[in-house]
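Worksheet for the structure shown next.
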Amino acid sequence: MITLNINGEPRALDVDPETPLLWALRDELNLTGTKFGCGRALCGACTVHINGNAVRSCLFAAGDAVGKTITTIEGLSGEVAAAVKDAWIAAAVPQCGYCQPGFVMATTSILNTDRHQSKAAVLSQIANICRCGTYDAIRLAVGLALERLQSGDAKQRRSAI
């Protein structure tokens, strides 16, 4: 039995600590927004946040997540997450949508670290794969999210003067 902090709540799981976190989330907790793509941590469909960092959950042991904060797409919140989600909708990114939770999680983690970086810098850090090829829409959405976050920062700075 292990207890994990998932989306702000302690969750007790009766799983082998070596079970991939992906399967603990999907099979034991029915948090199916995190997807299985390749099982080799290459595609990013299984991306979750652990202590705020994007992690591929298909190869991350559930037992290694004990004592850490885990956020899935279902629990993703905050200003940056809202900007990214809204941008994904505005840019009509999903085609099949299967990989998009992983892209949203990766992008949110990057922008939570530094929202003042360039679009090219953000895109260079996203290593996820979309089999439908929605990369043009993803690039547009990243730009929209950055514009929203950076214009909000500019408004806050102006109002503080």
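The values are calculated or read from the model by the stated rules, or taken from the named source; none is laboratory data. The model shown is predicted, which means the values in this text are computed figures rather than measured ones. When we count neighbours, we look across all protein chains shown, and the Cβ atoms used for this are built from the backbone with ideal geometry, even at glycine. Just so you know, the surface numbers come from the protein's heavy atoms only, side chains and all, with ligands and any DNA or RNA stripped out. Shrake-Rupley method; radii C 1.70, N 1.55, O 1.52, S 1.80 Å.
One table, with the values for the structure above:
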item: Selection from region 21-54 of residues that are free of Cβ contacts under 8 Å to residues at least 12 places away in the same chain, within 15 Å of GLN100 (Cα to Cα) and surrounded by 19 or more Cβ atoms within 10 Å (Cβ to Cβ); result: none
item: Condition check for LEU13: without any contact (Cβ under 8 Å) to a residue 60 or more places away in the chain, among the hydrophobic types (A, V, I, L, M, F, W, C) and within 20 Å of PRO101 (Cα to Cα); result: no
item: Checklist (1) out of contact with any Lys or Arg (no Cβ under 7 Å at 6 or more places or on another chain); (2) within 29 Å of CYS132 (Cβ to Cβ) applied to PRO101, failing item; result: (1)
item: The listed residue being in contact (Cβ under 8 Å) with a residue 24 or more places away in the chain, open to solvent by less than 40 Å² (accessible area, probe 1.4 Å) and over 30 Å from ASP16 (Cα atoms), out of CYS58, CYS130; result: CYS130
item: So ALA127, is it among the small types (Gly, Ala, Ser), assigned to a loop (DSSP other than H, G, I, E, B) and at pLDDT 95 or above; result: yes
